[in-house]
Amino acid sequence: MDFPGLELKIRMTLVAGPDLSVFVPVRLYYKDTDPFAVQFSFDVTPDHVVRWTFARELLDQGLTAPAGIGDVKIAPIGPHRNRCFSIELESADGYACLEGPAASVKAWLAQTFEVVPAGRESESVDIDSFLDKLLNH
């Protein structure tokens with residue numbers, strides 16, 4: 001049976017400056033065929049969608065304590081650190097900081113761990129199929 005994946009659609013705030021922010025639709029997606037990763041995308045404009053893939057473990061850690069030292073940094077924010085979080089994305093193409101509600105992301109993340117428990121991700125990876133695809137292209 002093919003697992004279709006888990007999707008979460010939420011609104012986050014794209015922080016464009018000290019006095020400028022805008023709501024953007026955000027999509028998080030998880031598929032058991034790529035069990036270590038989550039996909040994160042947001043619409044800058046209707047024609048421009050920013051897509052990132054990063055470690056599910058990074059998202060999990062970042063919801064409770066600052067995490068990430070590279071292109072993706074995630075941290076809880078505010079006086080009630082369990083209510084909101086920020087995600088900073090940086091590449092040669094630009095920088096974005098988004099802020100949003102942590103509760104819905106935590107609930108969605110818990111579902112991903114029901115599908116593939118932490119520490120058991122490698123059991124879901126079909127290395128032979130991956131190598132076949134890689135070597136045949």
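Over segment 36-113, the pair-distance histogram of Cα-Cα distances with 5 Å bins from zero comes to 3, 14, 27, 27, 18, 9, 2, 0 percent, rounded to whole numbers.
A simple count of charges around LEU8, restricted to other residues whose Cβ falls under 11 Å of its Cβ and scoring Lys, Arg +1 and Asp, Glu -1, yields +2. Label-to-label distance, GLU57 versus SER41, with points set 7 angstrom from Cα along the beta-carbon direction: 2.7 nm.
Measuring r between the beta carbons of ASP19 and TYR95 and using R0 = 25 Å, the FRET efficiency lands at 0.90.
A 1.4 Å probe over all protein chains sorts PHE23, PHE113 by accessible area into PHE23, PHE113, starting with the largest. Net charge around VAL72, counting only other residues with Cβ within less than 9 Å of its Cβ (Lys, Arg = +1; Asp, Glu = -1)? Net charge around VAL72: -2.
Electrostatic bookkeeping for ASP43 treats Lys and Arg as +1 and Asp and Glu as -1; over the other residues with beta carbon under 14 Å from its beta carbon, the sum is +3. Per-residue Karplus couplings for segment 31-43, computed as 6.51 cos²θ - 1.76 cosθ + 1.60 with θ equal to phi - 60°, are listed in order as 10, 5, 7, 10, x, 7, 10, 10, 9, 10, 9, 8, 8 Hz, Gly and Pro entered as x. Once both labels are positioned 7 Å from their Cα atoms along Cα-to-Cβ, the gap between GLN111 and ILE10 label points is 1.3 nm.
The values are calculated or read from the model by the stated rules, or taken from the named source; none is laboratory data. What you are looking at is a predicted structure, and each value in this text was computed from that prediction instead of being measured. Cβ sites come from the backbone with ideal geometry, for glycine too, and all protein chains shown count toward neighbours. These area figures cover heavy atoms from the full protein model, side chains too; ligands, DNA and RNA do not enter into them. Shrake-Rupley method; radii C 1.70, N 1.55, O 1.52, S 1.80 Å.
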